[in-house]
Amino acid sequence: MELDYIIVGCGLAGIAFCEQLRQHGKTFVVFDDTSQIATKVAGGVYNPVVLKRFTEVWRAQEQLDLAKPFYKNLEALLDTRLDHEFHVLRRIASIEEQNQWVVASDGPNLKKHLHPTLIKNDNKNIVAPFGFGKVLNAGKVDTKKLVSHYIAYLNNRGSFVGIPFNYSELESSGQGHHYGPYHAKYVVFAEGFGMKQNPFFNDLPLVGVKGEILTVRAPELRLSHAIKSSVFVIPEGNDIYTVGATYDWDDKTNTVTDKASEQLSKQLKELIICDFEIIDQAAGVRPTVKDRRPLVGIHGSQKNIAILNGLGTRGVMVAPMVAKQLFEMLEYGTPLDDEINIDRFRKL
């Protein structure tokens, strides 16, 4: 079967690239064995501010300008709601932080993202004596629903293969590659942390950070907006909340741990005083990079093999932007930004 592209991986990166292909009339097939689950267990929150330091996220406005219509188009394609807009309330920890918030909200880059007036806490079940700062232009994408619905969409059009990709069976052939019954001009690997097993790109410095989240039921909490303190608390409806996430740099498995559950429970109890019940727990390894920038580019010697990876903890926002850049580089020769190009590591 003649195709334009073979895609390996159906997380945020893979889906974003598939959408570039679909919108430009390219033919493709996607391989995914569901071994990498970081997208499905992610909280899915997007916001344009680094809330620890009150600074703007890297290229935040450009990312938002592409991400918002991207998810709107996916909602129409998949006939389901994915993007839930809401404000993020950052719990203020001290008078000093109150002052820092006011100053930051008046900065040229953050005026459009930070509400200048601090919000008094009026929820008796939340511990926030210094109030909250309100982050605008934020929300949550239901990443678990996105992946399941997109795979179903690909299955319906005969474009999904749910088995592991065997690198040794990929054969170069003139202007493209053979893999089983498929011949494609390009192969794009969007495997997340699975890249560590990929012989074409496993020399790149993908670190990988395990994150665990809890799903809790708290009928008395009654939140309509996400709250960020030492953890995120994200309302899911029907008194259900996602709480997370942990950061473990050593454990590279998708196995949930008691340690993470205890840590998140402790942090949640420092924020709320009402009862809650843990009803689920999930874990996944985020594909992170030491310089906090994505990994995008082509193989050093095989120019028809490309990578789209390293989206880290902000994949919901950054995926459409980097997928667009990779597509335009492969199809039109448009240079990648130096900040995301994997050549930045080859130069070292």
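The values are calculated or read from the model by the stated rules, or taken from the named source; none is laboratory data. What you see is a predicted model; the values in this text were computed from it and never measured. So basically every Cβ, Gly included, is an ideal-geometry build from the backbone, and we count neighbours across all protein chains shown. Areas reflect the complete protein model, heavy atoms only, side chains present, ligands, DNA and RNA absent. Shrake-Rupley method; radii C 1.70, N 1.55, O 1.52, S 1.80 Å.
What FRET efficiency, computed as 1/(1 + (r/R0)^6) with R0 = 25 Å and r the Cβ-Cβ distance, is obtained for LYS269 and LYS120, rounded to the nearest 0.05?
It comes out at approximately 0.65.
Please sort by residue number the GluC sites (Glu not before Pro) in the stretch 186-289 whose DSSP state is loop and whose Cβ has at most 15 other Cβ atoms within 10 Å.
Counting only loop positions with at most 15 other Cβ atoms within 10 Å, the GluC sites (Glu not before Pro) in the stretch 186-289 are GLU220.
Send over the per residue convex hull volume for the stretch 195-348, Cα only, as a whole number of Å³.
Cα-based convex hull of the stretch 195-348, divided per residue, equals 134 Å³.
Give the residues of the stretch 294-316 whose amide nitrogen is closer than 15 Å to a point set 7 Å from the Cα of LYS252 in the direction of its Cβ.
Of the residues in the stretch 294-316, 310 have backbone N under 15 Å from the label point off LYS252.
Of the heavy-atom accessible surface of the stretch 250-348 (probe 1.4 angstrom), what whole percent is carbon and sulfur?
C and S atoms contribute 47 percent here.
Please list, ordered by chain and number, the residues whose modelled amide H lies under 5 Å from the amide H of HIS87; skip anything fewer than 5 residues away on the same chain.
ALA226
Ignoring everything except DSSP H segments at least 4 long, calculate the 222 nm mean residue ellipticity for the chain; use -39,500 (n - 2.57) per segment, divide by total residues, nearest 500.
Calculated mean residue ellipticity at 222 nm is -8500 deg cm²/dmol.
Give me the net charge of THR242's neighbourhood, meaning all other residues with Cβ under 10 Å from the Cβ of THR242; Lys, Arg count +1, Asp, Glu -1.
-1
Tell me the trypsin sites (Lys or Arg not before Pro) within the stretch 253-348 that lie in a loop according to DSSP and have at most 14 other beta-carbon atoms within 10 Å.
Here the trypsin sites (Lys or Arg not before Pro) that fit, given the DSSP loop and packing criteria, are LYS290, ARG292, LYS303, LYS347.
Quick one: in the stretch 57-150, what % of C-alpha pairs are over 21 Å apart?
That fraction is 47 percent.
What's the long-distance tail for the chain, i.e. % of Cα pairs beyond 37 Å?
Of all Cα-Cα distances in the chain, 20 percent exceed 37 Å.
Could you state the orientation-averaged shadow area of the convex hull built on the Cα atoms of the stretch 199-276, in nm² to one decimal?
It is 6.7 nm².
Can you pull the percent of the stretch 44-88's accessible area that's carbon plus sulfur, 1.4 Å probe, other chains left in place?
Carbon-and-sulfur percentage of accessible area, whole number: 50.
What does the stretch 127-188 give for Rg and for Dmax, in Å, if only its C-alpha atoms count?
21.3, 66
Restricting to lysines 8 or more places apart or on different chains, can you count the pairs in the stretch 189-279 with Cα atoms under 22 Å from each other?
10
Over the chain, give the accessible area per residue in Å² for a 1.4 Å probe, as an integer.
46
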